[in-house]
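Below is one structure, written out as structure tokens; comments come after it.
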Amino acid sequence: MSLPSERSVPPSRPAEAAGGRAVAGRRRGVGKRFLVIGDVLDGVLVQTRATGPGDHDPAASIRHRPAGAAGNTATWLGWLGAEVDLVGRVGVDDVYRHARALEDAGVRPHIHHDAGTSTGVVVSVRNARARTSMSDGAASSLITADDVPDELVARADIVHLTGEAMLGAGGVERLAALVARARSGPARVSFDPSSAAVVRAVGGPAFLDAVAGVDLLVPGAAEALALTGAPDVVEATRILTRAVPLVVVTLGHDGVLVGRPGRTPQRVPATAATVVDTIGAGDAFAAGFIRAWATDPVRVGAAAREGTRVAARALGFVGGRPPV
């Protein structure tokens with residue numbers, strides 16, 4: 001059976017494509033439209049008592065989950081009841097599986113496939129001391145501006161991009177082209193750098209040049225420091241506001257810092273949560289923030305509080321996506 005290069009809602013579910021479907025106890029209706037562009041991955045999540053190379057843990061917990069910052073953020077937007085499209089790229093054998101997982105979370109998928117490249121994978125290994133993550137972007141790292149239909153950009157109110165998967169072959173030039181495509185319509189553009197390691201690989205100044213013109217930057221603390229070389233996150237936030245008009249730096253259990261040009265960064269505390277797993281909490285925060293920011297771009301403190309509320313929900317279970 002041949003597969004198309006892109007999937008959206010399948011013909012067998014036309015009523016859901018038209019809107020009005022209940023998602024996580026909410027009903028999708030008319031409102032702001034979101035377009036998320038970036039990585040859709042397979043996740044292997046390992047919880048182990050092993051402490052070093054050579055250890056064998058016969059009682060480890062190993063779970064397979066759909067993953068990727070773009071997929072996570074899009075599904076949390078869907079969970080919040082938003083109208084959301086996602087553009088991503090996976091291996092040819094995995095188009096239906098990933099499209100269906102996104103649809104079940106209230107997302108309209110536009111999934112391209114690569115016949116010669118596998119779906120990207122992220123492996124997260126956590127023990128009592130720390131978490132170690134490894135990723136292979138594979139098909140996701142080949143996404144280009146040509147994969148993003150003009151009509152999706154034209155009808156979006158917010159376009160959200162995630163950076164980690166976009167820096168494969170083509171590097172910052174690919175990233176700059178994707179940002180340019182996102183800015184070609186009427187939407188405000190938000191960007192999540194996603195990985196301090198990726199930022200360091202290309203260099204903070206080159207990364208910031210590539211994302212010039214975005215309206216919102218949502219880095220984690222490590223990413224903010226890597227982007228600026230600043231000694232602390234407050235100074236990093238101030239520096240970043242010279243390049244981007246709104247910067248929201250996530251700080252884990254310390255909440256977030258909201259930065260705007262010429263103002264002292266505003267700290268917003270985290271919402272209390274029972275922490276089961278931290279994977280995807282930043283992606284959930286991004287979804288909550290941009291959902292609120294799309295409706296009211298002035299009350300950014302309130303948007304940050306909504307982001308921390310959604311992140312607290314994500315911390316309560318294993319995996320980066322909401323329960324379906």
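For this structure, a couple of remarks:
- Residue within the range 295-315 that is in contact with a Leu (Cβ under 6 Å, 6 or more places away or on another chain) and of a type outside the set (Ser, Thr, Tyr) present: no
- Filtering Asp157, Asp215 for residues that are in contact with a helix residue (DSSP H, G or I) (Cβ under 8 Å, 6 or more places away or on another chain) and surrounded by fewer than 22 Cβ atoms within 10 Å (Cβ to Cβ) leaves a single hit, Asp157.
- Candidates are the residues of the range 229-267 that are touching a Gly at 6+ places or on another chain (Cβ under 6 Å) and surrounded by 22 or more Cβ atoms within 10 Å (Cβ to Cβ); the one that is farthest from Phe207 (Cα to Cα) is Thr250.
- No other residue among Ser12, Ser2, Ser8 is in a loop (DSSP other than H, G, I, E, B), closer than 24 Å to Gly320 by Cα and either modelled with pLDDT of 95 or more or not aromatic (Phe, Trp, Tyr) (or both) apart from Ser8.
- Residues that are without any contact (Cβ under 8 Å) to a residue 40 or more places away in the chain and touching a Pro at 6+ places or on another chain (Cβ under 8 Å), drawn from the range 266-312: none
- Residues of the range 242-276 classified as hydrophobic (A, V, I, L, M, F, W, C), closer than 18 Å to Asp215 by Cα and in contact with a strand residue (DSSP E or B) (Cβ under 7 Å, 6 or more places away or on another chain), total: 8
- The range 187-201, residues that are surrounded by 17 or more Cβ atoms within 10 Å (Cβ to Cβ) and either at pLDDT 95 or above or more than 18 Å from Asp39 (Cα to Cα) (or both): Ala187, Arg188, Val189, Ser190, Phe191, Asp192
- Flag if Ala272 is surrounded by fewer than 19 Cβ atoms within 10 Å (Cβ to Cβ) and either modelled with pLDDT of 95 or more or under 30 Å from Leu45 (Cα atoms) (or both): yes
- Note on the range 209-324: enclosed helices (runs of 4 or more DSSP H) holding 2 or more residues that are under 17 Å from the mean Cα position of the chain (by Cα) are 221-228, 281-295, 300-314.
- Condition met for Ala130 (touching a residue at least 12 places away in the same chain (Cβ under 8 Å) and not aromatic (Phe, Trp, Tyr)): no
- Out of Arg321, Arg309, Arg305, sole residue that is of a type in the set (D, E, K, R) and crowded, with 22+ Cβ neighbours inside 10 Å: Arg321
- Leading residue by the ranking (surrounded by the most Cβ atoms within 10 Å (Cβ to Cβ)) among those in the range 44-70 that are out of contact with any Ser or Thr (no Cβ under 9 Å at 6 or more places or on another chain) and outside any loop (DSSP other than H, G, I, E, B): Arg65
- Candidates Ser184, Ser133 - the one that is of a type outside the set (Val, Ile, Thr), surrounded by fewer than 17 Cβ atoms within 10 Å (Cβ to Cβ), out of contact with any Gly (no Cβ under 7 Å at 6 or more places or on another chain) and closer than 17 Å to Arg33 by Cα: Ser184
- Residue pairs whose Cβ atoms lie under 9 Å apart, sitting 6 or more positions apart in sequence or on different chains, and linking a residue in the range 175-195 that is under 10 Å from Val159 (Cα atoms) to a partner that is aromatic (Phe, Trp, Tyr), are Val179/Phe191; Ala182/Phe191; Ala187/Phe34; Arg188/Trp293; Ser190/Phe289; Ser190/Trp293.
The values are calculated or read from the model by the stated rules, or taken from the named source; none is laboratory data. Bear in mind that the values here come from a model prediction, so they are computed numbers and not experimental data. Note that we place each Cβ from the backbone using ideal geometry, even for glycine, and neighbour counts take in every protein chain shown.
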